[in-house]
Amino acid sequence: MTRQVAADDAGIAEAARLLRAGALVAFPTETVYGLGADATSEAAVEAIFRAKGRPHFNPLICHYCSADEAGEDVVLGGLARRLAEHFWPGPLTLVLARRPASRIRQLAGAGLSTLAVRVPAHPVSLALLRAVALPIAAPSANRSGQVSPTTAQHVLDGLSGRIALVLDGGPTEVGLESTVLDLTGEPAVLLRPGGVPLEAIEAVIGSVRRPLPIGLAGNGRPTLQSPGLLVSHYAPELPVRLDARMAGADEALLAFGPAPPGAGLVFQLSGRRDLGEAASRLFGGLRTLDAEGRRLGLRRIAAMTVPEHGLGLAINDRLRRAAAPRG
Ligand code: TXA
Ligand code: MG
């Protein structure tokens, strides 16, 4: 049985106790809900992969309550420190060289010589990380390949019975996962657009290398640099059509701004075309259109175009993955 408790002091203390005992606990971050486990315990980390049905080649992000704590397990160079000062706590994940004496189990980093680390900004995440006093490995709290959870109910929809506890801290604010940046070489490489816009990062460290947007790059395989970035991901059950300008009666429309008439169902990401509002509503919107659309017998989700700047980069990345051929 999975219990859901409020993210108050008692709930956080209970979650910390369970994590220290090796159990799986889902908790809110400012981006999406994470599925946490003690990153120093082989059994706990293995349990994450099992609960999610996640392939072992896909490494996990380790969460810390401060940059200094992260510095115990990875080498924080000058660039990393500058980024940490600007964006931590916050939705930025840095891929860095793992220290030989790192406490993190090899399995958490998929056996790579690098490790992805971040300091989340949500007060519940920070309180929990302080109470546990251990690095916490936490992927998004969904079954592998499915849409990331932005509420405690989303977590239960996918993982009920597979994890010990969900800390309910209400809907998450950013709504998209963290930006993942590889700092192991020069220049820095954007592995996953996310909650910190690329423009903000480039304002701090200069130009960042951007791989081709997915769908243009290719073959559906994960790249060597970011083994986890499978092209088909965030997949609702209904197929997704991109760049919709019109919508049919058999389509569920994911609207961004004024919507064309005719759709069988509409979910508005942001009537005023605000990218922050759209990001925070994206995953909930996909879930709603998928569930309601199927109930109504609709055939697919049609997503309107979102501009390719700011948080739009991350929104479009998730939509392209949701629309990618499955399998
Ligand atoms: O916002 C977030 O980042 C959320 C919250 C819970 O913190 N977490 C999250 O984790 O999105 P996950 O596991 O769903 O995505 C982590 C991404 C994957 O694409 C993975 O391949 C990549 O980070 N990653 C992790 N470690 C890596 C490494 N050492 N090198 C390259 N990519 C790595
Ligand atoms: Mg994920």
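The values are calculated or read from the model by the stated rules, or taken from the named source; none is laboratory data. Predicted model only: the values in this text are computed from it and were never measured. Methodologically, a virtual Cβ is constructed for each residue, glycine included, from the backbone with ideal geometry; neighbour enumeration extends over all protein chains shown. Only protein heavy atoms, including side chains, enter the accessible area calculation; ligands, DNA and RNA are left aside. Shrake-Rupley method; radii C 1.70, N 1.55, O 1.52, S 1.80 Å.
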- For the charge dipole of the chain, defined by +1 on Lys and Arg C-beta atoms and -1 on Asp and Glu C-beta atoms about the Cα centroid, which residue among VAL95, ALA235, GLY34 has the Cα displaced farthest towards the positive pole? ALA235
- Query: Which of GLY271, LEU282, PRO258 sits farthest toward the positive end of the charge dipole of the range 257-327, with +1 on the Cβ of Lys and Arg and -1 on the Cβ of Asp and Glu?
  - Reply: LEU282
- Note on the structure: Quick shape check on the range 240-323: root eigenvalues a ≥ b ≥ c of the Cα gyration tensor, a/c under 1.5 is rounded, otherwise prolate if a/b tops b/c, else oblate, and it reads prolate
- Item | Cβ-Cβ FRET estimate between GLU199 and GLU72, R0 fixed at 35 Å, reported to 0.05 | 0.65
- Roll a 1.4 Å probe over the protein heavy atoms and report the accessible area of ILE136 in Å², nearest 10. 0
- Would you mind working out the magnitude of the charge dipole of the chain relative to its Cα centre, with +1 at each Lys and Arg C-beta and -1 at each Asp and Glu C-beta, to the nearest 20 Debye? 860
- Query: Averaged per residue, what accessible surface does the chain expose to a 1.4 Å probe, in Å²?
  - Reply: 41
- Task: Show ASP8, ASP250, ASP68 ordered by accessible area, largest first, where the area counts protein heavy atoms only and the probe is 1.4 Å.
- Result: ASP68, ASP8, ASP250
- Rounded to a whole number, what % of the accessible area of the chain do carbon and sulfur atoms account for, probe 1.4 Å? 53
- Query: What accessible surface, in Å², does a 1.4 Å probe find on THR288, ignoring ligands, DNA and RNA and rounding to the nearest 10?
  - Reply: 60
- From largest accessible area down, sort ARG318, ARG295; use a 1.4 Å probe on the protein chains. ARG295, ARG318
- Message: Which order do you get for HIS154, HIS309 if you rank them by accessible area with a 1.4 Å probe, largest at the top?
- Response: HIS309, HIS154
- Task: Pull up the DSSP beta bridges for the range 3-205 and report the antiparallel fraction as a percent, rounded to 5.
- Result: 55
- Which residues does a label at GLU46 reach in the range 106-134, if reach means a backbone N under 19 Å from a point 7 Å past the Cα toward the Cβ? 106-112
- Task: Run the dipole for the range 240-323 about the Cα centre, Lys and Arg Cβ at +1, Asp and Glu Cβ at -1, nothing else charged, and hand back the magnitude in debye, nearest 20.
- Result: 180
- Note on the structure: Whole-percent tail of the Cα-Cα distance distribution for the chain, cut at 27 Å, equals 41
